[in-house]
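Contents: one structure, followed by commentary.
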2 protein chains.
Amino acid sequence: MDEKIISARTLRRLPVYLHYLNSIQDHCRNISATAISEEFGLNDVQVRKDLNAVSGTGRPKTGYVVTELIAQIESVLDCRTESKTVLVGAGNLGKALLSYEGFRDFGLNIIAAFDNSPTICGTLVNGKPVLPLTDLETVCREKHIQLGIITVPASQAQEICDRLAACGITAIWNFAPTILRVPAGVLVENENLASSLAILSKHLRAEKGGAPT
Amino acid sequence: MDEKIISARTLRRLPVYLHYLNSIQDHCRNISATAISEEFGLNDVQVRKDLNAVSGTGRPKTGYVVTELIAQIESVLDCRTESKTVLVGAGNLGKALLSYEGFRDFGLNIIAAFDNSPTICGTLVNGKPVLPLTDLETVCREKHIQLGIITVPASQAQEICDRLAACGITAIWNFAPTILRVPAGVLVENENLASSLAILSKHLRAEKGGAPT
DNA sequence: TCCTGATCGTTAAACTTTTCACAATTGGAA
DNA sequence: TTCCAATTGTGAAAAGTTTAACGATCAGGA
């Protein structure tokens, strides 16, 4: 029952801390929030509050025990538990994500991909089967899929999202450049590459045209 | 000189609006902020304030002229202007991004990729050359590269970031699960897939173990 | 033993973003 | 023409996030 409410902002920083802690655990027993904050250019109180949300075992003058902190963050993030996943939309981006092995480190296991193009259906991408979209519901229900990755065009994203939610999927990773509406209890995480590019593009434009302040 | 300060949050929503406006422009002359807000499940005042940041030409009872709005958002985002880009780290994720053609729509032009693995250097990925990392500075300076995509492991990300910044690159798209420190004037946009997975994973865990509220 | 300084944890202040409340405007119908 | 309902735009409140201030704690040396 020591479940504290962790803000999304904090949750996003935890994997960053975790990665850093793993990288230093061989040669550091203890680490202070101040040191972490300096490593990443953050405010030290912010780091302390983030760590407090998962730990609360820091000691003055010493800091935190690195291995404890790692265990506590891993427990909160729960990367060890495998998340059964389907990917919908085996276009360029979809295939790219299917080919990316890095997700395994975070417990993501893509069982199958779906697409409605007959030319790609039936093929394997990185050893993972691409199935016709009509099979989506059957597979999701039978395999007890928990997470869905959406890489279809924005115009179809909401429909796919509805179908996934109807199969009992409660977490959706959306790469389409749109905002999805979901029933209560379903979480959508938007990985909107267009939004990121908008920020970068705006910055480049400001650099060129305007004040270089 | 009608440059208003646009918050990053607003800027992230603009591409979403833009995509939607493009999809309706054939059958709608006008659109109200209220309608947009309902489409995406946002607050109507928020949409109105977002649109105000780029336009300010809404009329009571009518709303906004779709084509005007599109032109204004496109002008702010400036997706039409090509951004010369390099990608550093041609591993799985790097190759996946190189293969993704969707970036062209946003004005992103990846000129070359860099890696220090001899087996991949000299090859082409999706028609783009993979060059040895030692050539990074030369190419960036000669081709006047503006944007750098970092897809190397977290442990090398800061070093690559420093090298890119030293070549005059002012915008960095970071896919490594770490926070980068950059000189003033350089913008880092983090696309931290680990952070996103952390959010999703936490949600799945909460669903299973705890209160389904 | 006692002091010093690093570090933690917490409360309050500053800042940012979102939501609420409401007056002002406008097109269209009665 | 007059009224109504839809819609905008804005100032203020609310909610959320980050930063600052400060007392409490503790390891290590004098």
Query - the stretch B:28-109: trypsin sites (Lys or Arg not before Pro) in DSSP coil with no more than 13 other Cβ atoms inside 10 Å - result: B:Arg29, B:Lys61, B:Arg80
Report task. Along Cα-to-Cβ, 7 Å out, sits the label point; list in nm, shortest first, how far the one on A:Pro129 is from those in the other copies. Result -> 4.3
Query raised in the report: Quick one: label points 7 angstrom along Cα→Cβ at B:Asn30, distances to the other copies in nm, smallest first?
Result: 6.9
**Report entry** Where Cα atoms sit under 27 Å apart: lysine pairs in the stretch B:1-142 separated by 8 or more or lying on different chains
**Finding:** 7
Report summary line: Dipole check, chain A, charges on Cβ (K,R +1; D,E -1), about Cα centroid: among A:Ala157, A:Thr10, A:Tyr100 the Cα furthest to the positive pole belongs to A:Thr10
Query raised in the report: Hey, what D do you get for chain B in µm²/s if you plug the Kirkwood alpha-carbon radius into Stokes-Einstein at 20 °C and 1.002 mPa s?
Result: 109 µm²/s
Query raised in the report: Which residue is it, in chain A, whose C-beta lies closest to the A-to-B rotation axis, and what is that distance in whole Å?
Result: A:Ala96, 2
Report task. Calculate the dipole size of the stretch B:1-150 relative to its Cα centre from +1 charges on Lys and Arg beta carbons and -1 charges on Asp and Glu beta carbons; express the result in debye to the nearest 20. Result -> 240 debye
**Report entry** Candidates B:Gly148, B:Gly63, B:Gly89: whichever shows maximal mean-square fluctuation once chain B is modelled as a Gaussian network with Cα springs under 10 Å
**Finding:** B:Gly63
**Report entry** Those GluC sites (Glu not before Pro) in the stretch A:51-111 that DSSP places in a loop and that have at most 15 other beta carbons within 10 Å
**Finding:** A:Glu82
Report task. Find every distance from the label point of A:Gly168 to the corresponding label point in the other copies (7 Å from Cα along Cα→Cβ) and write them in nm, one decimal, shortest first. Result -> 5.9
Report summary line: Of every Cα-Cα pair in the protein assembly as shown, the percentage lying beyond 30 Å is 48 percent
Report task. Provide the convex hull volume over Cα atoms per residue for the stretch A:1-71, in Å³. Result -> 86 Å³
Query raised in the report: How far, in degrees from 0 to 90, does helix B:193-209 lean away from the longest principal axis of the Cα atoms of chain B, to the nearest 10?
Result: 60 degrees
Query raised in the report: Using alpha-carbon positions, what is the distance between the centroids of the stretch A:36-104 and the stretch B:46-112, in Å?
Result: 30 Å
Query raised in the report: When DSSP beta bridges are limited to those with both residues in chain A, what percentage is antiparallel, rounded to the nearest 5?
Result: 20 percent
Query raised in the report: So how much slack lies between A:Ala71 and A:His144, counting 0.36 nm per residue of separation and subtracting their Cα-Cα distance, in nm?
Result: 23.5 nm
Query - Neighbourhood net charge (15 Å Cβ-Cβ; Lys/Arg +1, Asp/Glu -1) for B:Val45 - result: +1
Query - Cys with no candidate disulfide partner in the protein assembly as shown (beta-carbon separation under 4.7 Å rule) - result: A:Cys28, A:Cys79, A:Cys121, A:Cys161, B:Cys28, B:Cys79, B:Cys121, B:Cys161
Query raised in the report: Pick from A:Thr178, A:Thr85, A:Thr151: which residue has the top mean-square fluctuation in a GNM of chain A where Cα pairs under 10 Å get a spring?
Result: A:Thr178
Query - Cα pair count fraction exceeding 11 Å, expressed as % - the stretch B:85-129 - result: 64 percent
Report task. Would you mind computing, in nm to one decimal, how far apart the modelled labels at B:Glu38 and A:Lys49 are, each placed 7 Å from Cα along Cα→Cβ? Result -> 3.8 nm
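Based on alpha-carbon atoms only, what is the radius of gyration of the stretch B:112-153 relative to the globular estimate 2.2 N^0.38 Å? Walk me through the intermediate numbers first.
Details: Rg = 10.2 Å, N = 42, 2.2 N^0.38 = 9.1 Å.
Compactness ratio reported: 1.12.
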Report summary line: Binned at 5 Å from zero, the C-alpha pair distances of the stretch A:83-196 give percents of 2, 13, 25, 27, 22, 10, 2, 0
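Here, each number is a calculation from the coordinates, and none is a lab measurement. Worth saying up front: this structure is predicted, and the values here are computed from it rather than measured. Please note: Cβ atoms are built from the backbone with ideal geometry, for glycine as well, and neighbour counts cover all protein chains shown.
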